[in-house]
Amino acid sequence: MADMTVGIDLDLTLRDINTALVDVYLRKYPEHKDKVVPISNWNVYSFTPYFPIGRAIQNFFADNPDEINSISKPFYGAKDFMKELSQIAKVSIVTFQINDKWKEVSLKWLQENDISFHEIIFLKDKTKFEGKFLLDDCIHTLKAVRLKGNSTPVCRDYPWNQQWDGLRIKHYDEFLNIVRNNLALEQINN
Ligand SMILES: [Mg+2]
């Protein structure tokens with residue numbers, strides 16, 4: 001394996017946590033069925049504006065890790081992507097989880113869904129991650145990482161991060177190509 005470390009965000013990059021949150025929420029509050037804002041219309045990173053219970057959604061999320069995690073699905077192609085990526089680079093899952101229980105179930109989720117990786121790093125401040133690339137969907141993270149310079153941020157395309165003007169991928173294959181091209185470049189230069 002080549003000597004290149006890449007960081008991969010977990011939530012909304014590999015794990016479809018939002019769909020699961022809405023599902024679990026509607027199990028508890030079926031009367032809110034038509035009041036939750038459809039995910040396609042979400043455009044920021046706080047859950048608060050999209051649920052009738054408002055700010056209480058944050059505690060709802062923090063307090064229901066088992067239920068939300070267990071029904072979270074990997075995005076289409078995520079497993080194959082991580083398998084292939086792990087064969088060509090050292091892969092760090094770089095993720096912020098709000099409490100210890102969420103850290104625990106997130107690790108379980110990766111194992112149960114057979115996601116390949118070499119290490120997991122729980123970081124609130126992802127600018128601390130040192131590697132070649134960092135794949136993430138959050139525009140605030142991408143901007144901060146670029147500013148700090150410890151890795152090159154790559155955006156996982158979503159309607160709400162269109163203002164990002166750096167590297168962007170719509171499909172996992174494109175990230176594999178970015179990594180492969182860089183590995184080839186490094187070989188030429190060495
Ligand atoms: Mg994310």
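Bear in mind these aren't lab numbers, they're just calculated from the coordinates by the rules spelled out. Remember, predicted model here, so these are calculated numbers, not experimental data. Here the Cβ positions follow ideal geometry from the backbone for every residue, glycine too, while neighbour counts run over all protein chains shown.
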Plugging the Kirkwood radius over Cα pairs into Stokes-Einstein for the chain, at a temperature of 37 °C and a viscosity of 0.692 mPa s, what D comes out in µm²/s?
188
Among DSSP beta bridges lying fully in the chain, give the percent that are antiparallel, nearest 5.
10
Neighbour-count order for D100, D157, fewest beta carbons within 10 angstrom listed first
D100, D157
P(r) over all Cα-Cα pairs of segment 74-187, 10 Å bins from 0 to the longest distance, whole percent per bin, short to long, reads 13, 43, 39, 5, 0
Once you have all Cα-Cα distances for segment 17-71, histogram them in 5 Å bins from zero and send the whole-percent values.
4, 20, 35, 28, 13, 0
Which ordering of M4, M82 is given by a fewest-first count of other beta-carbon atoms within 10 Å?
M4, M82
Simple spin-label estimate for L26/Q87, 7 Å along Cα→Cβ, in nm, reads 3.8
Can you show me the helix-derived [θ] at 222 nm for the chain, built from DSSP H runs with n ≥ 4 at -39,500 (n - 2.57) apiece and divided by the number of residues, rounded to the nearest 500.
-12500 deg cm²/dmol
Could you give each residue of segment 116-124 its phi-based ³J(HN,Hα) in whole Hz, using Karplus coefficients 6.51, -1.76, 1.60 with θ = phi - 60°, and x for Gly or Pro?
7, 6, 9, 8, 10, 10, 8, 9, 7
Mean separation of Cα contacts under 8 Å (at least 6 apart) over the residue count of segment 17-71, i.e. the relative contact order in percent, is 38
Taking the beta-carbon count within 10 Å as an exposure proxy, list D173, D11 from fewest neighbours to most.
D173, D11
Plugging the Cβ-Cβ distance of K128 and E104 into 1/(1 + (r/R0)^6) at R0 = 25 Å yields, to the nearest 0.05, a FRET efficiency of 0.70
Suppose we keep just the alpha-carbon trace of segment 101-167; what are its Rg and Dmax in angstrom?
13.3, 35
